[in-house]
Amino acid sequence: MNLSPAFHHLRAAYQAEMDDLSFDSEGRDVLRQRLADKRKSLDFLLQMTELSPEMVAVVFHQAFRFTEPGVMNQVVSGELDECPDWDEISASVQIAPWAQGMAETFLQQADGQRFMTVAAALAYLYDKPDGRAQQASDEDEDGDEEGRDRDDHDDEDLPPEERDDDEDARARDEAGADWLAEQGFDRKD
């Protein structure tokens, strides 16, 4: 998965926002309470979707389930102005019933289609159990040639379970690329 600079930045900001919401000054876990409070102030948050989507997207924490991860890999590899509309990717993302009404509220806004795509992408990146994408992105940014060279070699040096994961990831990426191409987007090959 290639992470665009825009999503690399948004991912870090989203992570920081989640960290800020998670604990109070005494170290107690207050994430649920703070998310509930934030969800109650949707009118205010609607005004922030274009300027600070990462601060608003947290209201959808644990609301998305990704049925076609390859589609999301394609989304996060592009720039924000290249984001497909929510309607174009919604078939590959399920929204929890508790978040349906909130999603509809956002979708009624002028930039709601883009915001929902960005919110799903940030949730996807946050929940992604595979930390290799972040590590690879950091290595590329630091100019670490060794990290890049590793990607150019065959998977022979990897244990079988990691080779399978890489093959699955490539298959998902290819499926996502095929789907986006069917929707009229250019391939990023």
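The values are calculated or read from the model by the stated rules, or taken from the named source; none is laboratory data. This structure is a prediction, so every number in the text was calculated from the model and none was measured. Here the Cβ positions follow ideal geometry from the backbone for every residue, glycine too, while neighbour counts run over all protein chains shown.
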*List, please: which pairs have Cβ atoms under 9 Å, are six or more places apart or on different chains, and start with a residue in the stretch 60-81 that is free of Cβ contacts under 8 Å to residues at least 12 places away in the same chain and more than 12 Å from A120 (Cβ to Cβ) and end with one that is assigned to a loop (DSSP other than H, G, I, E, B) and among the charged types (D, E, K, R)?*
none
_Being outside any helix (DSSP H, G or I) and farther than 17 Å from L51 by Cα is the filter here; which residues of the stretch 86-126 pass it?_
V93, Q94, I95, A96, Q108
*Across the stretch 1-37, what is the total count of residues that are without any contact (Cβ under 8 Å) to a residue 40 or more places away in the chain, assigned to a helix (DSSP H, G or I) and surrounded by 13 or more Cβ atoms within 10 Å (Cβ to Cβ)?*
7
*Within the stretch 49-76, can you find the residues that are surrounded by 18 or more Cβ atoms within 10 Å (Cβ to Cβ) and either among the small types (G, A, S) or in contact with a Gly (Cβ under 8 Å, 6 or more places away or on another chain) (or both)?*
T49, A57, A63, P69, G70, V71, M72, N73, Q74
_Looking only at residues that are over 20 Å from R65 (Cβ atoms) and either of a type in the set (D, E) or touching a strand residue (DSSP E or B) at 6+ places or on another chain (Cβ under 7 Å) (or both) in the stretch 78-93, which one is surrounded by the most Cβ atoms within 10 Å (Cβ to Cβ)?_
E82
_Quick check on the stretch 149-157. Is at least one of its residues surrounded by 12 or more Cβ atoms within 10 Å (Cβ to Cβ), farther than 19 Å from A6 by Cα and at pLDDT below 95?_
yes
